Each structure stands twice: as structure tokens, then as C-alpha cells.
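I have a structure here, written as C-alpha cells, and I will follow up with some questions on it.
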């Protein structure tokens, strides 16, 4: 049952991103119910744990610190790459530099309360521990969980999204493996996303000739 849910979740998230990238649908109105639904599915299986291997305070502290480090690393990467890669610059602004008519508070609330928790509960709270149980080896399970997450984001056809899934996904998987649960990765993911939306590395309009 759980393996089928894992495959279904990958397909559903990928299909949602394809709908956004091919039809111009809103990220927020499309991904919010999809990711929240995946999180609910994960909770119903009873698999997600907060932090089995470390204290909750340690997991929370490391997760929040990792969010800041990941955000600063993202800004540094964007500062180097964006001026030299037009497609990356344009797609980064499209994702993080524009919110449309929605206020910052609404967008951050959608992300922090529904989208990010749903994604973490599903990928690091259900998929990762299920793979660890079935493979009985942490390393390959972590790599497969990371790869599945990246594949689910590829249909976005947005370089910023795919880069975030690849680099951020590796960090969130590592935090889940270290802590034995989702709390550290969840707080890191929430903090990074909130910072990316509140203080995006690039904002529209991007200066001409930069």
C-alpha cells in the first residue's frame, strides 16, 4: 500500500508542476491542495516522526540554523549565476520575485502552513523512512528519496525550482537522516522558503544589462 502511495505522490506532484508550467496555472492555488493532500496522506500512514535520534530542541535549532545558511548560500549562488544565465535569472524572478496580487503574508502563510509541511511530511516523513525500512541501508534510501523528489519537480521546467529541489532536497534529506524525523528539515524548509519569498535574491524588474 505505502509503495503505491509513494509512486502516486510522485506522479501527482509532477503532474501539478506540469499543469503549472504548461497551462500557466497559479503555483499557489495548484500546489497548495496537492502538497497539503500529500502531507495528509503521509500523516494517515502514521510513518512521520518528529525526531527519533536527537532531542527536539536540537533538531529545531539545527533546522533553523540550516535555513539561514541555505538561504545565504542561495543568494551567493544567484549573485554569481544570474548575471551570466538569462534563463535562470528570468525563471528565478518568475518564481520568487513576483507574487501577483497576493500579499506577502498570504503567500508565506500558504507556503509555511500548507505547502512546505505537506512536502516534508510526504518525502522525508513517509518516502524516506519507507525506503530505509525496505532497503535496510540508509545511504541508498536517502539517495532514492532525494532523486524521487527532484524528479517530481522536473516538470516545473523552472531552473530555480529544480535547483532548489536538488540542493535543498539534499539538505532536507540529510537533516532527516541525522535526526531520524522531519522536524529539522521542516523548519529548515519553512525558514528558507519564507526568506526566499520575503527577501528574494532577484526581484522584478531585473536591471537591464545585468
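The values are calculated or read from the model by the stated rules, or taken from the named source; none is laboratory data. Model, not experiment: these values are computed from the prediction. Cβ atoms come from the backbone with ideal geometry, glycine included; neighbour counts cover every protein chain shown.
I need a count of the residues in region 1-39 that are within 14 Å of residue 155 (Cβ to Cβ), surrounded by 12 or more Cβ atoms within 10 Å (Cβ to Cβ) and modelled with pLDDT under 95.
Residues in region 1-39 being within 14 Å of residue 155 (Cβ to Cβ), surrounded by 12 or more Cβ atoms within 10 Å (Cβ to Cβ) and modelled with pLDDT under 95: 6 in total.
Please give the number of the condition residue 109 fails out of (1) over 21 Å from residue 190 (Cβ atoms); (2) surrounded by fewer than 16 Cβ atoms within 10 Å (Cβ to Cβ).
Going through (1) over 21 Å from residue 190 (Cβ atoms); (2) surrounded by fewer than 16 Cβ atoms within 10 Å (Cβ to Cβ) one by one, residue 109 breaks only (1).
Another question, if that's okay. Kindly indicate whether any position in region 12-29 is over 19 Å from residue 161 (Cβ atoms) and in contact (Cβ under 8 Å) with a residue 60 or more places away in the chain.
no
Hey, among the residues in region 148-177 that are more than 16 Å from residue 121 (Cα to Cα) and over 13 Å from the mean Cα position of the chain (by Cα), which one's modelled with the highest pLDDT?
155
When region 144-163 is examined, which residues are found to be in contact (Cβ under 8 Å) with a residue 60 or more places away in the chain, more than 17 Å from residue 86 (Cβ to Cβ) and surrounded by fewer than 19 Cβ atoms within 10 Å (Cβ to Cβ)?
151, 154
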